[in-house]
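> Quick one: the structure is below, and I'll ask about it shortly.
The values are calculated or read from the model by the stated rules, or taken from the named source; none is laboratory data. Please read these numbers as outputs of a predicted model, since none were measured by experiment. Please note: Cβ atoms are built from the backbone with ideal geometry, for glycine as well, and neighbour counts cover all protein chains shown.
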Amino acid sequence: MPATSTGARYRAAWAQTCRREGESAIAFDRAAWRALEIGRMFHPEKNIYAFNRLVLERFLSEINRELGMRYHHMLFNRKTQRLFNEEMLHTIEMFFAKDLNLSDTARQLYIHRNTLVYRLDKIQRQTGLDLRKFEDAITFRMLLLLGKCTAAVPHGKETHFMLPRVIRPQPPATRIESIDLETVYSGRVLSLSCCDLIDAKQWLQGWSW
């Protein structure tokens, strides 16, 4: 992510190329903020987001959390946990980024083409999805993205938070006393104590880092 001379990181988003005549400036700005929120949720590695290029992500973010997680877990569960390790997921993401092109993907990953074929065959054997086929690739990608969706338990449209402050104890104690969570959408700050942090149900309500 780009950084300024002071080390501050930044992202940018826009609703469309230009605002049409008669279009509300508030609606225009709201769409840009929505693009930023959705973009950070699904593509945190990127720095610029366009509202009209996030149609699939916007659609998936509107799906009921329980339903979305149910479908996500159909593919990503304990049985496939070892299969979908960090290396395999990186391979798949690159394969999608290269439009399912085996040669380009292998070249970008600095691996032999046969190694890539082996990994894709392994996925097909264990899941029944052949990512070299468009329909199977779409199915996989949608189920993968559903895992990045955040819950709607937070207030209003708050679906994302930052961690601006961690309160640490004085030595020799090592356990964190509390943390602050700042919601991206509204800027609301929530303080969580150590007891709340121990019980994930108190804070892991679909928020996305």
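> I'd like to check which helices (runs of 4 or more DSSP H) are fully inside region 83-153 and have at least 1 residues that are under 16 Å from the mean Cα position of the chain (by Cα) and closer than 24 Å to M41 by Cβ.
So the answer is 86-97, 134-146.
> Has region 39-56 got any residue that is at pLDDT below 75, of a type in the set (V, I, T) and surrounded by fewer than 16 Cβ atoms within 10 Å (Cβ to Cβ)?
Checking region 39-56: not a single residue is at pLDDT below 75, of a type in the set (V, I, T) and surrounded by fewer than 16 Cβ atoms within 10 Å (Cβ to Cβ).
> Would you tally the residues in region 112-129 being of a type outside the set (S, T, Y) and crowded, with 16+ Cβ neighbours inside 10 Å?
5
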